Amino acid sequence: MSALLLSGKEAAQSLLEGLKSKVKALDPKLVVVQVGDDPASASYIRQKFKSCEVVGMRNAHIHLPENTPLDTLMQTVHDLNADPDVTGFIVQVPLPGKLNDAVPQIIRAIDPKKDVDGFGAYNLGKMFLSREFEHLPPATPSGIVALLEHYKIPIDGKHAVIVGRSNTVGKPLGIMLLNRNATVTLCHSKTKDLPSLTKLADILVAAVGKHNLITKDMVKPGAVVIDVGMNRTEGGLKGDVDFEAVKEVASAITPVPGGVGPMTVAALIRNCVTAKERQREQ
């Protein structure tokens, strides 16, 4: 058996196509703030602007030097909060040097109505209420759910095991899957006997950042495997899952690259559209 390849590129294209008419009617604007010249960040930003072009969304890039002080960055955030033409904005992380220690402070300063990354406490907290309040969810969990929906993979009643408890992926994804009636087990570095839990999963999500953490013997035959890992190796970009081995036991699996990554970007674009809709209602 060889698994169905869950192409994030295909699913993201479908999601973006569905947003074009709304973008044309609403005319939202996305702004990305970048500090320094981290190559990975630059690559992610290019992908975001490329998706903006696909749907016809206005966008802007504020590129600050690496030695930008915190007060200057915070002033940029306040200016974007106050600009009525800016629908949503993100501060690309990681930030250079000591600025990265201030990420929680920076996120708190972003107007929740413009928090299209969905990292702020207000938007995260709303997710806990119910599926109906997932207005601006974090982009990666939202993209994963959209990927499952695109391929008509059922969530209701399934056992989802998530390896990784980050505030940006693991925890919020657990809530989104709970909101869709999955039974969720959240694993992490202190979990005892990890394989005994991963082998129970109907839907297994790896979001740790450790190359080949999930091996073939850790996967239940027929499981759906979602690989969020992005690890730079000598052989190129690889995930947290031993793809070649696991695809022989899984029923469906995401590739790295080309799986979750494109869906994260598409979900961010969708959040910007949603933000514009909600701003017009208020």
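Bear in mind these aren't lab numbers, they're just calculated from the coordinates by the rules spelled out. Here the structure is a predicted model, which is why all the values come from computation and not from measurement. Cβ: placed from backbone, ideal geometry, glycine included. Neighbour counts: every protein chain shown.
Brief remarks follow.
- Average Cα contact separation per residue, the stretch 100-157, under 8 Å, 6 or more apart, as relative contact order %: 23
- Calculation over all alpha carbon pairs of the stretch 160-282 in 10 angstrom steps from 0 returns a P(r) of 13, 41, 31, 10, 4, 0 percent.
- The equivalent ellipsoid that matches the C-alpha gyration tensor of the chain spans semi-axes of 31, 21, 18 angstrom, in descending order.
- The stretch 168-211 residues near the modelled residue 128 label - backbone nitrogen below 19 Å, point 7 Å along Cα→Cβ: 168-182, 184-187
- Top of 234, 53, 134 by mean-square fluctuation, Gaussian network on the chain, Cα under 10 Å: 234
- Size descriptors for the stretch 26-111, from the alpha-carbon set: Rg then Dmax equal 12.8, 38 Å.
- Full extension of the chain segment joining residue 25 with residue 181 gains 52.8 nm, where the gain is 0.36 nm per residue of separation less the Cα-Cα distance.
- Sorted by Cβ density within 10 Å, fewest first, the residues 72, 264: 72, 264
- Net charge of Cβ neighbours under 15 Å - reference residue 158; Lys, Arg +1; Asp, Glu -1: +1
- Our estimate of slack between residue 67 and residue 210, defined as 0.36 nm per intervening residue step minus the Cα-Cα distance, is 48.4 nm.
- Helix axis angle, 8-26 relative to the chain longest principal axis, alpha carbon, degrees: 30
- Under 5 Å, built H, 5+ apart or other chain: amide partners of residue 4: 252, 253
- Length-normalised contact order for the chain - Cα pairs under 8 Å, 6+ apart - percent: 24
- Fraction of antiparallel bridges per DSSP, the stretch 139-260 only, in percent to nearest 5: 15
- Mean Cβ neighbour count within 10 Å, used as a protection proxy, ranking 244-250, 38-44, 73-79 highest first: 244-250, 73-79, 38-44
- Cα long-axis angle, helix 39-55 against the chain (0 to 90 degrees, to the nearest 10): 80
- Spacing of the two label points (7 Å from each Cα toward its C-beta) at residue 82 and residue 121, in nm: 2.4
- Across the stretch 8-55, the volume of the C-alpha convex hull divided among the residues equals 65 Å³ per residue.
- Counting only alpha carbon atoms, the long axis of helix 70-82 and the longest principal axis of the chain meet at about 80°.
- DSSP bridge analysis restricted to the chain gives an antiparallel fraction near 10%, rounded to the nearest 5.
- Alpha-carbon centroids, the stretch 221-268 and the stretch 20-49: separation in whole Å: 23
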